[in-house]
Amino acid sequence: MAGAVPEKASHGHWSSRYAFMLAAVGSAVGLGNIWKFPYEAGQGGGGAFVLIYLAFVFLIGTPVLVAELSLGRRGQLSPIGSMTKIAEAEGRSRLWSLIGWSGVVGGFLVLSFYSVIGGWTFAYVIEAATGNLHGITADGAGALFTSLLNDETKMLFGHALFMGVTIFIVAGGVEGGLEKAVVYLMPALFLLLIFMVIYSALTGDFGRTLSFLFAPDFTKINRDVALQAMGQSFFSLSLALGSIMTYGSYLTKDVKIGPSAVTIASADTGVAILAGLAIFPIVFAYGIEPGSGPGLIFASLPIAFGQMPFGDFVGTIFFALLAVAAITSAISLLEPTVSYVCEQVNHSREVVTVYVGGAIFALGLVSALSQGDSGIASFKIGGLDFLSALDFLTNNIMMPLGGLFIALFVGWFVSRKSMLDELAMEEKWFRVWYFLIRFVSPVAIGFVFYDILFG
Ligand code: PFF
């Protein structure tokens, strides 16, 4: 049959739809929602950013999520293997495998700095547990964060611990330990976030937060905000870095991809909005600059923990759960490279994971040392420190471009029949998705890029 891909799977599968959903939500919900979304919204002027972000998540990100899961399930291999196999089966050029390459390399790059930030959350678990946040002022919280960035031992230790845990879990296979961790800890994080929103609403400036996040100031919409919001929507949904495609390759045929993708995107967006609602009341009440950048949650939330009853305890739990959410995302970033290398070499999964993880750790050292005032920090790429430059390259260029090519491939180079067969959706929903992936996604992503390059 033309366009068909052999059914035989080359590796294990999720034990149930529930296991898959937990892993996919675990991948999507992470530092991107709680650390990155609030500070990017702050820099992008609040409501204007949030509005474009939501449009990108539901009109472009979710259809691309559906496309990636389908490609993974159809290919049943690593992103590079799957893309090559499907391109061949559809009678297309093997060059389409570049989508897989870009995902695997991008995931490798992202994890190298994601782990550094994951290390910050570990450092804050210790700060909270040892009472260092007790009664902390706004200035004190800002100073604590700056001192962390300049403390090379803490930065390297945090990074090493974060990568070590990630490697340990991935080496053992994604199905086992991950499932148990996610089933209790993700809901716990969600509940704690709701508690934080209530606490912040009662003690901080909630009115200003609502108008800041939800009353868009249209004069703030410009091409940089659009690019940032687009990059963030892809980052938050874990798109175009091979993660979702790899998780799709562990999917069984009976799982309905469309509804799963909508649930993943909604949960992910819900957590990001909750994080914004928890952080900005404190930001405004204490006169912190909303656009102050990557330190925003570390400069604001400790003030709340420093004041509330049992704040040391609540703060410890909060940062520990944030670390768990970050690890479930990191696992999904390591998995694509590991699955590709396992396909290529004759070594055990454990050995491959240690080598790949070790290489990512080594690259991450440069990002870790780029944050303080050390020698490496003076090395700038286009005015950005190494960590921020990698973030810009992956978030604003590789991920949206990857998304563009995934949309073009699935919308125009894979037969409609193959996609209909893979998605098994009602015709009317399929039509909506097909229209979004063929026209809306490529045009919107292309438009933002065109404007950046030639506008
Ligand atoms: N979605 C994760 C977050 O929001 O923290 C980060 C991430 C994981 C991005 C996996 C990309 C990816 F492939």
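The values are calculated or read from the model by the stated rules, or taken from the named source; none is laboratory data. Treat the numbers as computed from the prediction; the structure is a model and nothing was measured. Neighbour counts run over all protein chains shown; Cβ positions are idealised from the backbone, glycine included. For the accessible areas, the whole protein counts, side chains as well, though only heavy atoms, and no ligand, DNA or RNA atoms are used. Shrake-Rupley method; radii C 1.70, N 1.55, O 1.52, S 1.80 Å.
Can residue 75 be described as buried (at least 24 other Cβ atoms within 10 Å of the Cβ), more than 15 Å from the ligand (Cβ to nearest atom) and among the small types (Gly, Ala, Ser)? For residue 75, the condition - buried (at least 24 other Cβ atoms within 10 Å of the Cβ), more than 15 Å from the ligand (Cβ to nearest atom) and among the small types (Gly, Ala, Ser) - is met. Taking the criterion of being open to solvent by 10 Å² or more (accessible area, probe 1.4 Å), of a type outside the set (S, T, N, Q) and touching a residue at least 24 places away in the same chain (Cβ under 8 Å), the residues of segment 325-341 that qualify are 327, 333, 340. Quick one: would you say residue 268 is crowded, with 20+ Cβ neighbours inside 10 Å and of a type in the set (Asp, Glu)? Yes, satisfied.
Kindly evaluate residue 255 against the criterion of being more than 16 Å from the ligand (Cβ to nearest atom), open to solvent by less than 30 Å² (accessible area, probe 1.4 Å) and within 30 Å of residue 425 (Cα to Cα).
On the way: more than 16 Å from the ligand (Cβ to nearest atom): yes; open to solvent by less than 30 Å² (accessible area, probe 1.4 Å): yes; within 30 Å of residue 425 (Cα to Cα): yes.
The answer is yes for residue 255.
Within segment 261-297, how many residues turn out to be away from the ligand (no atom under 16 Å from the Cβ) and out of contact with any Pro (no Cβ under 9 Å at 6 or more places or on another chain)? The total comes to 13. If the condition is being assigned to a helix (DSSP H, G or I) and of a type outside the set (A, V, I, L, M, F, W, C), then segment 18-32 contributes 18, 26, 27, 32. Selection over segment 339-365 of residues that are assigned to a helix (DSSP H, G or I) and farther than 18 Å from residue 113 by Cα gives a count of 10.
Just one of the numbered conditions (1) under 17 Å from the mean Cα position of the chain (by Cα); (2) at positive phi is not true of residue 163: (2).
Say whether the condition of being part of a helix (DSSP H, G or I), of a type in the set (Lys, Arg) and over 30 Å from residue 161 (Cα atoms) is met by at least one residue in segment 34-53. Looking through segment 34-53, none of the residues is part of a helix (DSSP H, G or I), of a type in the set (Lys, Arg) and over 30 Å from residue 161 (Cα atoms). In segment 220-239, of all residues being open to solvent by less than 20 Å² (accessible area, probe 1.4 Å) and not in a helix (DSSP H, G or I), the one that is nearest to residue 449 (Cα to Cα) corresponds to 239. Residues of segment 1-47 that are β-branched (Val, Ile, Thr) and modelled with pLDDT of 85 or more: 25, 29, 34.
Helices (runs of 4 or more DSSP H) fully within segment 368-427 that include at least 1 residues being among the charged types (D, E, K, R) and more than 14 Å from residue 64 (Cα to Cα): 386-392, 416-423.
In this structure, does residue 82 turn out to be at pLDDT 95 or above, assigned to a helix (DSSP H, G or I), within 16 Å of the ligand (Cβ to nearest atom) and open to solvent by 10 Å² or more (accessible area, probe 1.4 Å)? Criteria not met by residue 82.
The rows are residues; the columns are (1) of a type outside the set (S, T, N, Q); (2) open to solvent by 40 Å² or more (accessible area, probe 1.4 Å); (3) at negative phi.
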residue: 346; (1), (2), (3): no, yes, yes
residue: 359; (1), (2), (3): yes, yes, yes
residue: 363; (1), (2), (3): yes, yes, yes
residue: 372; (1), (2), (3): yes, no, yes
residue: 402; (1), (2), (3): yes, no, yes
residue: 416; (1), (2), (3): yes, yes, yes
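Any residue in segment 58-71 that is open to solvent by 40 Å² or more (accessible area, probe 1.4 Å) and touching a residue at least 12 places away in the same chain (Cβ under 8 Å)? Looking through segment 58-71, at least one residue is open to solvent by 40 Å² or more (accessible area, probe 1.4 Å) and touching a residue at least 12 places away in the same chain (Cβ under 8 Å). Among the residues of segment 305-333, those that are out of contact with any Gly (no Cβ under 8 Å at 6 or more places or on another chain), assigned to a helix (DSSP H, G or I) and either hydrophobic (A, V, I, L, M, F, W, C) or within 14 Å of the ligand (Cβ to nearest atom) (or both) comprise 313, 314, 317, 318, 319, 320, 321, 322, 324. Filtered by the rule that a residue be over 22 Å from residue 128 (Cα atoms) and in contact with a Phe, Trp or Tyr (Cβ under 7 Å, 6 or more places away or on another chain), segment 272-289 gives a lone residue, 272.
Within segment 408-417, does at least one residue satisfy the condition of being under 30 Å from residue 112 (Cβ atoms), within 16 Å of the ligand (Cβ to nearest atom), without any contact (Cβ under 8 Å) to a residue 60 or more places away in the chain and of a type outside the set (Val, Ile, Thr)? First the steps, then the outcome.
First pass over segment 408-417, keeping only residues under 30 Å from residue 112 (Cβ atoms): 408-410.
Now drop any that are not within 16 Å of the ligand (Cβ to nearest atom), which leaves none.
The answer is no; no qualifying residue exists.
Just to be sure before I move on: is residue 293 in contact with a helix residue (DSSP H, G or I) (Cβ under 8 Å, 6 or more places away or on another chain), under 19 Å from residue 121 (Cβ atoms) and not in a helix (DSSP H, G or I) in the structure I sent? So residue 293 passes the test.
Do we find that residue 437 is buried (at least 22 other Cβ atoms within 10 Å of the Cβ), modelled with pLDDT of 95 or more and in a helix (DSSP H, G or I) in this structure? Step through it out loud before you land on a result.
Values: buried (at least 22 other Cβ atoms within 10 Å of the Cβ): yes; modelled with pLDDT of 95 or more: yes; in a helix (DSSP H, G or I): yes.
The answer is yes for residue 437.
Counting residues in segment 241-250 that are away from the ligand (no atom under 14 Å from the Cβ) and over 23 Å from the mean Cα position of the chain (by Cα) gives zero.
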